[in-house]
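Accompanying notes for the structure given below.
Each reported figure results from applying straightforward, stated rules to the coordinates on display, with no laboratory input. As the structure is a prediction and not an experimental result, all values here were calculated from the model. Cβ sites come from the backbone with ideal geometry, for glycine too, and all protein chains shown count toward neighbours.
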Amino acid sequence: MAQGEVYRVLLKFTNADTDKVFTTAFYVDQPNITGFTVAQIGDSVKAWWNDGLGAGSPGRDYYDSESSLFEVTLRKWDPLTPVEESYTTGLPIAGAATSEVAPDQVSTLLSIRSGNIGRSYRNRMYLPAMAEGIYGDEGVIADSSALDIAEGFAGLQAELVGLSGGVAAARWVVYSKLLSAGVPATQFRVDARPRTQRRRNITPAAYQSVSV
């Protein structure tokens with residue numbers, strides 16, 4: 001590991017009913033020589049999922065018992081390497097919601113923003129389908145729940161920064177392949193309206209956001 005390098009953190013989920021695997025990812029860089037390990041990254045993601053971080057509830061509260069986080073991987077993304085490290089300690093951990101999982105095509109959008117303007121300065125994470133009850137009678141997530149989810153990811157960001165006892169170890173960044181660079185993430189927005197990765201949704205987003 002070296003200063004300035006960018007890494008992809010890949011979260012892997014499974015659905016016990018369908019045996020399908022769902023993935024989503026974000027990027028971190030190494031802002032100083034301290035660095036981090038896949039175990040530290042994995043522990044942080046597991047804490048977000050199982051315990052909740054910052055002001056957010058545990059991620060698993062939004063998923064049914066058939067949905068589980070089962071692996072976290074870390075791969076150097078810029079410069080790209082073919083080696084991927086895996087974390088499975090204490091996993092899988094199942095969801096805690098009581099209603100059944102929503103259909104596979106349903107996805108919750110997390111928009112990750114930086115302080116800069118333009119498409120190259122924002123990333124997206126498509127979260128796997130949550131429990132049906134989370135989407136409510138109108139088919140959307142309550143604003144309070146969307147805000148809570150955003151708070152959880154803001155808490156994960158703070159956890160990553162503090163991996164080395166106050167020395168910034170892993171910084172969540174918005175990564176642009178075009179620019180081959182990452183800039184610090186400054187805001188997490190969760191769209192209350194369900195989305196899908198496969199086709200464009202022309203309905204305006206209904207974001208709840210947390211700035212960091």
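For residue 88 and residue 117, what is the calculated FRET efficiency with R₀ set at 30 Å and r taken between the beta-carbons, to the nearest 0.05? The value I calculate is 0.15. Which of rounded, prolate, oblate describes region 40-145, given a ≥ b ≥ c as roots of the alpha-carbon gyration tensor eigenvalues and a/c under 1.5 marking rounded, otherwise prolate only if a/b is larger than b/c? Here region 40-145 falls in the oblate category. Partner aspartates and glutamates whose Cα lies under 16 Å from the Cα of residue 12, excluding those fewer than 8 positions away in the same chain, are identified as 43, 64, 66, 71, 84, 85, 104. When region 59-106 is described by a simple charge dipole with +1 on each Lys and Arg Cβ and -1 on each Asp and Glu Cβ, the residue from 82, 99, 59 located farthest towards its positive end is 82.
Between residue 5 and residue 55, the FRET efficiency from the beta-carbon distance, with R0 = 35 Å, is close to 0.70.
The calculated 222 nm mean residue ellipticity attributable to helices in the chain amounts to -5000 deg cm²/dmol, summing -39500 (n - 2.57) over DSSP H runs of n ≥ 4 and dividing by all residues. Near the amide H of residue 52, within less than 5 Å, lie the amide hydrogens of 59, all on another chain or at least 5 residues away, with H placed in the peptide plane. Note on residue 138 and residue 124: the extension gain reaches 2.6 nm, defined as 0.36 nm multiplied by sequence separation minus the Cα-Cα distance. Springs join every pair of Cα atoms under 10 Å in this Gaussian network model of the chain, and among 110, 179, 156 the largest mean-square fluctuation is at 179.
Taken along the Cα-to-beta-carbon direction at a fixed 7 Å, the label points for residue 66 and residue 47 span 3.3 nm. Net charge in the neighbourhood of residue 124 (other residues with Cβ under 11 Å of its Cβ; Lys, Arg +1, Asp, Glu -1) is +4.
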